[in-house]
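Participant: The structure follows.
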């Protein structure tokens, strides 16, 4: 994962002794057969001072090192300090001769393509960063760069490599036991002022380590008194743990997770606390350990108690060390990179849940005393992550933690495995490409995508998040469309016809919402026109036109009312038909009335004729 | 309101018919008396007939009037006085004929209804 956000700072440093960036950006990378973030440097670096797999000992003269290496590189570090930039990859294999075998122009190589210190061998890292997983070393400080410079100079001037063939853990232990200066200089005996430089820059206490000003003064020829090594508290009697004897809490902290069960027994028997209080009564370690044990007891007493306990004890016993949990070693500001790696490589994620949920990260942070660490910033981030994990909805969870604590992280959705999605805009462009290859998904949003947009630019998705999380298909589609339309409009992206076309295939659920068939046909016609022009904002506007929706709804309600009345009339007539089982009876009666009237008329006329005939003589 | 207006209209019509009926009845009192006695089955039929058009009452009423007509003509020929009207009305044979004619009306209504609705 490249340090994309640091490129601008790097480029602002104008110095001939650093590799010059020609261009950077996302492009198709044929060897990996996918998109990647590519940083191109000017190809004038030359050969590395010492190859990565060569013996790390050059036996150069002090004057050459001072003139050809230290003067230009100290100036470069001064520039970095002014620009608040940390290189993180200072080592002989990343220093180049600039094409001249006499080291006339030493150039410091790449530091942007990986997380800070990712490729640094333990030998060139401070003890604490050396203990840490390479991906989780965090941003680092100028003091770490100066240490790396000191370790690189040690490799240049020494005649043999004292740590050759040693494992990383062995190198760290050697540094812890004898100090970095002794560990890296070995049996070489230096004379002259270079000794002061090495002692000053390889000091294991960052507060006591030389800074730029001191190196510059030394380069000017001033003799500086080497600072004393801080007293390391040693126990009067050792603690036997896992078959070994420990006199220092930092050594025990490093090995504590090798046998959590035995450590738990030592704690429960009281042996561990007795050893601490008797041996280290003058420093803060016993108090920190008591607090760590209290914190551990507050949590669950079931599965995972031992792992949690050794993690908290380790942080209390060695405050400068990384978080040590279930085999992982992470600095607080390196958790983001480690989490990104875990997501990218589909690794186990439970560790990260525990780190945030069980207060492991917070406990580590509480013990920190380094002034260079942004404790309040990290505390706020860890607190947010804890709250994100409390909710399982889209836009929360561990995915949101990743994008929240790691601003460099690309979108880790499986859909974008072949793309480098670093912003909501590049997300749309990746989708446009996917859709153009007929690989449009059935649903544009997943947990990663929602969390990614929320973390990168919340206003692009937050107003529509309720719709996106809805169970109703038409609301989900509308929420996604509105979010993408907002990104397209706010970022002034061009036409996105393939995304629009993919959306068009999903619009069935939205068309169903309209009742008037004529209106539906009219809307379809308009949508088809904007689909071709790839204008998501216009499409969203049409579907979201409240006037049209209200009119359609009103007309539908009116039609429903009419239908209800007609239905009532129909049922009334039908019931009347059923009730008047002899529907012809009415007609029969009418016929009877007519017939009887005719008969009565004839009778009356007949009678009238008879009576009138009798009396008138007809 | 609609109910009130309908009642008002009926009252007006009823009043008109009542006045005309009373005047006619007084002028032709013997005939009126004879018809009052002889046409008794008709108002009964009106009361009994629940249909909207009152067709059964019309059937029965028509035949009832036909049954009354010979005695009505007889009254008119014999001088149209109240005594003659009384004697006819008290004649059982006349009553039977008039009421039997109404019965024929009932018979006709039943027969025609059965025939048509079958």
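Participant: Tell me, which residue of segment B:57-83 that is farther than 17 Å from residue B:45 by Cβ, assigned to a helix (DSSP H, G or I) and in contact (Cβ under 8 Å) with a residue 12 or more places away in the chain is nearest to the other protein chains (Cβ to nearest Cβ)?
Facilitator: Looking at the filtered set, the residue picked out is B:70.
Participant: Can you find a residue in segment A:76-97 that is in a loop (DSSP other than H, G, I, E, B) and over 33 Å from the mean Cα position of the chain (by Cα)?
Facilitator: So far as segment A:76-97 goes, yes, one or more of its residues are in a loop (DSSP other than H, G, I, E, B) and over 33 Å from the mean Cα position of the chain (by Cα).
Participant: Only residues that are touching a residue at least 60 places away in the same chain (Cβ under 8 Å), farther than 24 Å from residue A:344 by Cβ and crowded, with 16+ Cβ neighbours inside 10 Å: list them for segment A:442-474, please.
Facilitator: Listed by number, the residues that qualify are A:465, A:468.
Participant: Can you tell me which of A:38, A:14 is within 18 Å of residue A:115 (Cβ to Cβ) and assigned by TED's automatic domain parsing to the domain that holds residue A:117?
Facilitator: When all the criteria are applied, what remains is A:38.
Participant: Moving on. For residues that are within 23 Å of residue A:138 (Cβ to Cβ) and assigned to a loop (DSSP other than H, G, I, E, B), tally how many sit in segment A:371-419. Let's see the steps before the verdict.
Facilitator: Restricting attention to segment A:371-419, the residues satisfying the condition of being within 23 Å of residue A:138 (Cβ to Cβ) are A:371-389, A:398-412.
Imposing the further condition that a residue be assigned to a loop (DSSP other than H, G, I, E, B) reduces the set to A:371-374, A:406-412.
Within segment A:371-419, residues that are within 23 Å of residue A:138 (Cβ to Cβ) and assigned to a loop (DSSP other than H, G, I, E, B) number 11.
Participant: Could you say whether any residue in segment A:568-577 is touching a helix residue (DSSP H, G or I) at 6+ places or on another chain (Cβ under 9 Å) and within 14 Å of chain B (Cβ to nearest Cβ)? Walk me through it before giving the result.
Facilitator: Here is the first cut: in segment A:568-577, the ones touching a helix residue (DSSP H, G or I) at 6+ places or on another chain (Cβ under 9 Å) are none.
Checking segment A:568-577: not a single residue is touching a helix residue (DSSP H, G or I) at 6+ places or on another chain (Cβ under 9 Å) and within 14 Å of chain B (Cβ to nearest Cβ).
Participant: Checking residue A:495 against (1) touching a residue at least 40 places away in the same chain (Cβ under 8 Å); (2) in a helix (DSSP H, G or I); (3) surrounded by 14 or more Cβ atoms within 10 Å (Cβ to Cβ): exactly one of these is not met. Which one?
Facilitator: (2)
Participant: So which helices (runs of 4 or more DSSP H) are wholly in segment A:155-231 and hold at least 2 residues that are under 39 Å from the mean Cα position of the chain (by Cα) and closer than 21 Å to residue A:253 by Cβ?
Facilitator: Result: A:168-178, A:180-185.
Participant: Show the residue pairs meeting these rules: Cβ distance below 9 Å; 6+ apart or different chains; first residue within segment A:584-596 and free of Cβ contacts under 8 Å to residues at least 12 places away in the same chain and at the interface with another protein chain (Cβ under 7 Å from one of its Cβ atoms); second residue outside any helix (DSSP H, G or I) and surrounded by 17 or more Cβ atoms within 10 Å (Cβ to Cβ).
Facilitator: Final answer for the pair search is A:589/B:49.
Participant: May I pose another question? On the basis of being more than 60 Å from the chain's Cα centre (by Cα) and at pLDDT 90 or above, does residue A:603 make the cut?
Facilitator: Criteria met by residue A:603.
Participant: Return yes when residue B:29 is surrounded by 21 or more Cβ atoms within 10 Å (Cβ to Cβ) and in contact with a helix residue (DSSP H, G or I) (Cβ under 7 Å, 6 or more places away or on another chain) and no when it is not. Give the derivation first.
Facilitator: Details: surrounded by 21 or more Cβ atoms within 10 Å (Cβ to Cβ): no; in contact with a helix residue (DSSP H, G or I) (Cβ under 7 Å, 6 or more places away or on another chain): yes.
So residue B:29 does not fit the description; no.
Participant: Do we have residue A:555 as away from chain B (no Cβ under 14 Å), surrounded by fewer than 16 Cβ atoms within 10 Å (Cβ to Cβ) and in contact with a helix residue (DSSP H, G or I) (Cβ under 9 Å, 6 or more places away or on another chain) here?
Facilitator: yes
Participant: Then there's this: Please verify whether residue B:86 is over 17 Å from the mean Cα position of the chain (by Cα), at pLDDT 90 or above and either more than 7 Å from chain A (Cβ to nearest Cβ) or not in a helix (DSSP H, G or I) (or both), treating the condition exactly as stated.
Facilitator: Here the answer is yes, as residue B:86 does meet what is asked.
Participant: Which residue pairs have Cβ atoms under 8 Å apart, sit 6 or more places apart or on different chains, and have a first residue in segment A:97-109 that is without any contact (Cβ under 8 Å) to a residue 40 or more places away in the chain and a second that is assigned to a loop (DSSP other than H, G, I, E, B)?
Facilitator: Listed pairs, sorted by first residue: A:104/A:98.
Participant: Give me a count of the residues in segment A:159-184 that are closer than 23 Å to residue A:215 by Cβ and either at pLDDT 95 or above or touching a helix residue (DSSP H, G or I) at 6+ places or on another chain (Cβ under 6 Å) (or both).
Facilitator: Of the residues in segment A:159-184, 4 are closer than 23 Å to residue A:215 by Cβ and either at pLDDT 95 or above or touching a helix residue (DSSP H, G or I) at 6+ places or on another chain (Cβ under 6 Å) (or both).
Participant: Another one. Kindly list, by first and then second residue, each pair from a residue in segment B:106-118 that is more than 17 Å from residue A:600 (Cα to Cα) to a residue that is not in a helix (DSSP H, G or I), limited to pairs with Cβ atoms under 7 Å and residues at least 6 apart or on different chains.
Facilitator: From residues that are more than 17 Å from residue A:600 (Cα to Cα), the pairs are B:116/A:584; B:117/A:582; B:117/A:584.
Participant: Can you find, within segment A:52-71, the residue that is surrounded by the most Cβ atoms within 10 Å (Cβ to Cβ) among those that are touching a helix residue (DSSP H, G or I) at 6+ places or on another chain (Cβ under 8 Å) and assigned to a helix (DSSP H, G or I)?
Facilitator: Out of the qualifying residues, it is A:70.
The values are calculated or read from the model by the stated rules, or taken from the named source; none is laboratory data. As the structure is a computational prediction, the values presented were derived from the model and not from experiment. Cβ: placed from backbone, ideal geometry, glycine included. Neighbour counts: every protein chain shown.
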